[in-house]
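What follows is a set of notes on a single structure, which appears directly below.
Here, each number is a calculation from the coordinates, and none is a lab measurement. Please read all numbers here as calculations on a predicted model, not as lab measurements. All Cβ positions, glycine included, derive from the backbone under ideal geometry; neighbour counts span all protein chains shown.
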Amino acid sequence: MPTDHTHAPGLTSWVASAQAQGNDFPIQNLPLGIFSNGGAPRGGVAIGDQVLDVAAALAAGRLRGAAAQAAAGPSLAPLMALGRDAATELRHALSALLTGAPAPELLHAQSAVAMHLPCEVRNFSDFMASYDHCHRLGSARDPAHPLPPAFHHLPVAYHSRASSVRPSGTDVRRPWGQYVKDGATVFAPTNAMDFELELGIWIAEENEQGLPTPISAAARRLFGFCLLNDWSVRDVQRYEMPPLGPFLGKSLHTSISPWVVTADALAPFATARPAREAGAPPCPPHLETSADALRISMHAALQTPSMTTPHRITEAPFERMYWTPAQMVAHHTSNGCNLLPGDLLGSGTVSGPADGAEACIAEILLRGPITLPNGETRRYLEDGDTVIFSGQAHAPGAASVGFGECRGTILPAHAA
Ligand code: MN
């Protein structure tokens with residue numbers, strides 16, 4: 001992934017808040033999203049604590065061309081369909097606009113706008129690609145065989161549900177479901193509401209059905225990234241999984257951060273994939289690739305109704321993932337399946353090896369219940385609890401870029 005003048009760490013914008021320390025949206029980021037402020041939803045760019053209105057910039061003559069047109073409407077799918085070159089062209093134009101003559105009339109405060117999904121989610125597939133997540137949970141189940149049989153040979157995945165993906169801030173209703181309680185199968189509100197801290201991957205362009213995207217071209221299918229909470233209902237999931245995999249334990253709701261951090265923005269954070277563990281079989285040739293792991297520090301925090309500030313419970317390194325986003329695309333299309341613009345992939349739970357790097361409660365509980373600073377404890381999530389994700393890409397000599405926030409609050413189950 002090449003870097004250029006838009007990534008220069010010294011670059012500054014006339015939007016003063018873009019230079020604020022610890023801000024997720026400096027001039028080097030330029031994430032795209034769909035916002036509204038009373039009127040119709042339309043394309044915007046996060047910069048500091050502001051949103052640049054793409055349609056207004058077109059009308060004012062400060063942006064022009066097919067890429068900007070494709071990003072100005074109620075969905076980013078037209079831009080995803082144009083592909084990575086169009087996204088790069090738009091990035092260059094946005095960088096020039098936001099470092100050029102000031103135009104504050106093109107901005108809206110992020111605090112004053114509503115954020116929507118970046119596009120209609122066409123399909124949603126969720127992976128399981130963290131060695132530490134699989135190994136930790138698998139060791140508790142069967143210490144002699146902690147990893148699934150295919151783990152070293154392909155990024156394991158299942159087809160999840162596109163219709164229930166919602167932007168950050170949408171409440172999550174505790175679901176009813178079937179599970180085993182005291183030896184009997186019951187249908188009742190879940191007692192095992194969990195989160196999974198994941199990276200979401202938005203797909204660029206479309207491969208013709210029957211024609212795979214080879215690993216050599218797979219990185220060009222990565223349009224951009226978001227934070228993704230794959231809400232998981234463990235009691236229901238455990239009961240329903242064999243032999244066809246997750247279903248109602250996963251399809252109730254998926255939360256995503258609304259800003260799409262483009263693959264271009266993450267170019268400075270590419271790094272080599274971690275080496276395979278001693279004795280592991282080699283990566284199959286059709287999935288073998290060089291440096292495309294991404295240095296992203298991912299965080300989950302929990303806030304209960306009686307806490308005034310959220311408490312961080314997870315800090316996990318995305319660069320540890322055993323399979324990379326490009327490998328997921330190559331695997332997903334390897335049978336000729338057509339991936340579409342507007343398709344969303346979940347990376348799978350991003351856990352690391354350390355205590356505190358468990359990226360879902362099911363893993364945390366292997367060490368015991370969560371103890372919060374106010375003395376409360378948690379096993380799974382209770383009604384009113386809020387889970388908040390954040391993430392920052394970082395590398396020596398580069399300006400860090402962030403993802404904003406992905407949050408959801410648990411509502412009580414509906415009445416019987
Ligand atoms: Mn998941």
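From Cα pairs below 8 angstrom and at least 6 apart in sequence, can you work out the relative contact order of segment 124-411, rounded to a whole percent? Display every interim value, and only then the final one.
Details: 688 pairs, mean separation 82.0, N = 288.
RCO, segment 124-411: 28 percent.
Ranked highest first by average number of other Cβ atoms within 10 Å, how do 14-21, 162-169, 275-282 line up? Spell out each step's value before the answer.
On the way: 14-21: 14.8, 162-169: 17.5, 275-282: 8.9.
So the order, starting with the most tightly packed, is 162-169, 14-21, 275-282.
Using just its DSSP H runs of length 4 or more, each adding -39500 (n - 2.57), the chain gives a mean residue ellipticity at 222 nm of -4000 deg cm²/dmol after division by all residues.
Taking the DSSP beta bridges with both ends in the chain, the antiparallel portion is around 90 percent. Between the C-alpha center of segment 86-130 and that of segment 269-297 there is a gap of 29 Å.
Of interest is the spacing of the C-alpha centroids, which for segment 205-231 and segment 1-45 amounts to 24 Å.
For the chain, the longest principal axis of the C-alpha atoms and the axis of helix 84-99 are separated by about 60°.
The 3J(HN,Hα) values that the Karplus relation (6.51, -1.76, 1.60; θ = phi - 60°) gives for segment 396-406 are, in residue order, x, x, 10, 6, 5, 10, x, 10, x, 10, 10 Hz. Gly and Pro appear as x. Remark: segment 357-362, residue by residue, has Karplus-estimated 3J(HN,Hα) of 9, 6, 9, 7, 5, 3 Hz, where x stands for each Gly or Pro and the curve is 6.51 cos²θ - 1.76 cosθ + 1.60 at θ = phi - 60°. Summarising the overall dimensions of segment 5-116 from its C-alpha atoms, the Rg and Dmax are 12.9, 36 angstrom. Summing +1 for each Lys or Arg and -1 for each Asp or Glu among the other residues whose beta-carbon sits under 14 angstrom from that of residue 28 gives -2.
Within 10 Å, count the other beta carbons around each residue, average over each peptide in 303-313, 349-359, and list them highest first.
On the way: 303-313: 13.9, 349-359: 21.2.
The densest-packed peptide leads the list: 349-359, 303-313.
In terms of its alpha-carbon gyration tensor, segment 223-368 comes out rounded; the largest-to-smallest axis ratio a/c stays below the 1.5 threshold.
Determine, for each peptide in 63-74, 139-150, 256-267, the mean count of other beta carbons within 10 angstrom over its residues, then list the peptides with the highest first. List each step's numbers first, then the result.
Values: 63-74: 19.1, 139-150: 10.8, 256-267: 25.9.
The peptides rank, most packed first, as 256-267, 63-74, 139-150.
Label reach from residue 8 (point 7 Å along Cα→C-beta): in segment 83-110, amide nitrogens under 20 Å belong to 88-103. Give the long-range amide H neighbours of residue 122: residues separated by 5 or more places, or on another chain, with amide H under 5 Å away, using H modelled in the peptide plane at 1.01 Å from N. When sequence neighbours closer than 5 places are left aside, the close amide H contacts are 343, 344. On alpha carbon coordinates alone, what is the Rg over Rh value for the chain, Rh being the Kirkwood radius? Here Rg/Rh amounts to 0.96.
Taking the Cα centre as origin and putting +1 on Lys and Arg beta-carbons and -1 on Asp and Glu beta-carbons, what dipole magnitude results for segment 193-258, to the nearest 20 debye?
Numbers: 5 positive and 9 negative charges, 17 e Å.
It comes to approximately 80 debye.
Counting neighbouring beta carbons within 10 Å and listing from fewest to most, the residues 124, 195 come out as 124, 195.
Please give the length that would be gained between residue 85 and residue 374 if that part of the chain were fully extended, namely 0.36 nm times their separation in residues minus their C-alpha to C-alpha distance (nm, one decimal). Please list the in-between numbers first.
On the way: separation 289, 0.36 × 289 = 104.04 nm, distance 5.01 nm.
Difference between extended and current length: 99.0 nm.
Take the alpha carbon gyration tensor of segment 289-346, find the square roots of its eigenvalues, order them as a ≥ b ≥ c, and report rounded if a/c is under 1.5; if not, report prolate when a/b exceeds b/c, else oblate. The shape class here is oblate.
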